[in-house]
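One structure is given here, and the rest of the page talks about it.
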Amino acid sequence: MATRCLVGRFATTRCIAIVSTLLPLWLNAADPIEYTVRFPQAKNHYADIEAVIPTGCRNTIEITMATWTPGSYLIREYARHIEGLEASTTDARQPLSIEKRNKHVWEVGTQGQERVRIKYRLYCREMSVRTNWVDHEFAVLNGAPAFLTLRGGEDRPHRVYLELPSSWKRSICALELLPGENPHAYQAQNYDELVDSPILAGNPTVFPFRVGGREHWLVNQGGDGLWDGAAAARAAAKLVEEHQRMWGSVPYPRYVFFNLVTESRGGLEHDNSTLLMTSRWNYGRRKDYLAWLALVSHEFFHTWNVRRLRPRELVEYDYAREVYFPTLWIAEGITSYYQDLALVRAGLCTQKEYLQRLSRIIESVRKTPGRLVQSLRDSSHDTWIKFYRPDENAGNARISYYTKGAAVAFLLDAKIRQVTDGQKSLDDLMRELYQQHAGERGYSSQDFRGLASQVAGADLAPWFQEHVDLPGTLDFSPALAWWGLEFRPEKKGQGDAVQAAQDSSPWFGVATRAREGQLLVSRVIRDSPAYRAGVNVDDEIVAWDGFRVLAGNWGDRLKRYKPGDTGEVLVVRRGKMMKFKVKLAETPRASWQLQPISKVAPGQQQRRLQWLKLNVQEADDEAGS
């Protein structure tokens, strides 16, 4: 039955008395927003959502949809997936006016109703960790792209009631379960918590484990019998134990690892859960399985770093617009550094495997020309317009705050250890930052740098200016010397002679793609021979030095030349033939593989073992293998 708010039919004094008594009840934050979610057309990727929203007895209210998801910094315009939006009284007997004010806000005329009913259909067919997916097998709903809310009512409790298809037996969410007959009813204390809590419904398999006095679930959806969930849960438990040890706290009541084996990829952090996507084939391949474990590690590390320890600009979310901050490299880059470090510390990979993963991070940074153009600080600030919108020139003009951030974290860890003679480390800095700035306070760039100098007992301001504020090439030699590491080229073929020949092979400087036999340029590397000659993206390479080339023989043709030789390339650009003289260069170094130096100086091995939490026997066993 629809209920109207009291209106002026009483004597003035009595009316004021009644309204003044009841108004606080209508505006009370405890009066929840309630959603019912149904899946009558799951096979067509639709969810039907009905929201009952308190009005506070206002003549009009505004309802709004988020435009982005915390942890994924791009405006994604989630309102575009809404269909058939309508408003009515709660008994659905009387339509109410609803008018769109902008791309994500609607105004509803309440006609004096205490609550109104908002109904809409949501298209859910984007398999990613930040969006919604619905099909006949399962549904995963994320709060930001799924649920409209009351503008100004974000602090109210938000309740979700799921009505599942008969073939679906279970739903899982990190939110509080509501008592009652519906086993699929959840309550968030506010809109932020709803956005922060993905919901999975279908027939998932749960693998529970307990660490640090808390219950954890690894929840597998899919896998087709190719995933050993119990073994994966045991590995996840080791990572949980290591991260709890590093941080020295357990800030959540329970934790859920949603592992969607859906031939997709990615992960997104939440306060008490994480949503992961992977391939069914990753479990059986060591390299891919380590990558999955690193993803688990990364998102779980975020439980502290970024979820509870936030940049000051993210302490309160503005879901309508971009939020710019220069410290994203701390939130994501330092997390990327620890994701792999935790693997070796937890005993899930060897020292050699860890150094291989660290080497790929360094290699990625060293091979990206954009490192000389964009600083780490600017990369963080401009994520909204650059990182999630790569184009063919991205590598020339940008650097990733994930990879360079991880490399800088590696260098910062070594720097702190060096200036304190091994008494302090990045571990200590992160723990102290958490103690001082977790929660509502947040931290600024100045907070982080000042605390780093305090932990190190030295002024690190010039160091941060060089490594974070300015573009440039990172110097790894001090860190490698501290830990007794060095770069060595990977041996290929018959040995170092083959490698030397490969290193001296000629370099043209483009990435290509094949299309119906054509050889098309997909990327031109900054300052490469092709770049200096004027070769463009989308040029079709037709001939080299007067001879026809195709996708299948282009590489072999270039191998006939030496660095320093000049050739003529014939290309077709927008239907017109053009010739360019190109002076070939030497192929840039292909490998930045790290490994322990053969002659260790006093203290180097011990410092490395302390860093990786290994013992001498483990290191010796690996060296002899």
How tilted is helix 403-419 with respect to the longest principal axis of the chain? Cα atoms for both, answer in degrees (0 to 90, nearest 10). 70 degrees
Taking 8 Å as the Cα distance limit and 6 or more residues as the minimum spacing, I'd like the relative contact order of the chain as a percentage. 9 percent
Mean shadow area (nm²) of the C-alpha convex hull around the range 252-343 is 6.9 nm²
In whole Hz, with x marking every Gly and Pro, tabulate ³J(HN,Hα) for the range 177-191 from phi via Karplus 6.51 cos²θ - 1.76 cosθ + 1.60, θ = phi - 60°. 6, 7, x, x, 7, 7, x, 10, 10, 10, 10, 9, 5, 6, 5
How far is helix 229-247 tilted off the main Cα axis of the chain, in degrees rounded to 10, range 0 to 90? 90 degrees
So what are the range 208-285's ellipsoid semi-axes, whole angstrom, largest first, if each one is the square root of 5 times an eigenvalue of the alpha-carbon gyration tensor? 23, 13, 11
Running Debye on the range 333-398 with equal point scatterers at the Cα sites and no solvent, what base-10 log of I(q)/I(0) appears at q = 0.26 Å⁻¹? -1.08
Rounding to the nearest 20 debye, state how big the charge dipole of the range 12-202 is about its Cα centre with +1 on each Lys and Arg Cβ and -1 on each Asp and Glu Cβ. 340 debye
Give the Rg/Rh ratio for the chain, taking Rg as the radius of gyration of the Cα atoms and Rh as the Kirkwood radius, to two decimals. 1.03
Zone of residue 562 (label point 7 Å along Cα→Cβ, backbone N under 20 Å): which residues in the range 503-521? 503-509
Amide H partners (placed H, <5 Å) of residue 256, local residues excluded: 217, 273, 274
Approximate spin-label separation residue 322-residue 169, in nm, with each point projected 7 Å along Cα-to-Cβ: 4.8 nm
³J(HN,Hα), Karplus 6.51/-1.76/1.60, whole Hz, each residue of the range 323-331, x for Gly, Pro: 10, 8, 7, x, 10, 4, 5, 6, 5
Mind jotting down a quarter of the surface of the convex hull over the alpha carbons of the range 37-143, in square nanometres, one decimal? 7.2 nm²
Scalar couplings 3J(HN,Hα) for the range 433-439 by Karplus 6.51 cos²θ - 1.76 cosθ + 1.60 (θ = phi - 60°), nearest whole Hz, x for Gly and Pro, are 4, 5, 4, 8, 10, 5, x
Can you give the relative contact order of the range 496-586 as a percent, counting alpha carbon pairs under 8 Å and 6+ residues apart? 30 percent
20 Å cut-off, amide nitrogen to a point 7 angstrom out along residue 100 Cα→Cβ, residues in the range 31-55: 46-51
In Å, what Kirkwood hydrodynamic radius results for the range 496-586 from the alpha-carbon pair distances? 13.3 Å
On the principal axes of its Cα set, how long, how wide and how thick is the range 148-278? Give whole Å, largest value first. 42, 40, 29
Given the Cα-Cα distance of residue 215 and residue 92 and 0.36 nm per residue of separation, how much length would full extension add, in nm? 40.1 nm
Radius of gyration and maximum dimension Dmax of the range 383-471, Cα, Å: 15.1, 45
5 angstrom amide H check on residue 266, placed H, neighbours 5+ away: 277
Under the Kirkwood approximation applied to all pairs of distinct alpha-carbon atoms, what is the hydrodynamic radius of the range 312-488 in Å? 17.0 Å
Mean separation of Cα pairs under 8 Å and 6+ residues apart, divided by the residue count of the range 185-253: what relative contact order is that in percent? 26 percent
Could you pull the Rg and Dmax for the range 12-202, using just the Cα atoms, both in Å? 17.0, 60
Taking the reciprocal of mean 1/r across every pair of different Cα atoms in the range 180-237, the Kirkwood radius in Å is 13.7 Å
If I fit a long axis through the Cα atoms of helix 351-366 and take the longest principal axis of the Cα atoms of the chain, what angle between them do I get, 0 to 90°, rounded to 10? 90 degrees
Listed peptides 273-279, 323-329, 480-486 by packing density, highest first (mean Cβ within 10 Å): 273-279, 323-329, 480-486
Roughly how many nanometres apart are two label points built 7 Å out from the Cα toward the Cβ at residue 597 and residue 469? 3.2 nm
Directionally averaged projected area (convex hull, Cα atoms, the range 402-453), nm²: 3.8 nm²
Cα-centre dipole for the range 496-586 with unit charges at Cβ (Lys and Arg positive, Asp and Glu negative), debye to 20: 380 debye
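The numbers here are math on the coordinates, done by the rules we state, and not lab data. Note that this is a predicted model, so its numbers are computed, not measured. Here Cβ is always computed from backbone atoms with ideal geometry, including for glycine, and neighbour counts include all displayed protein chains.
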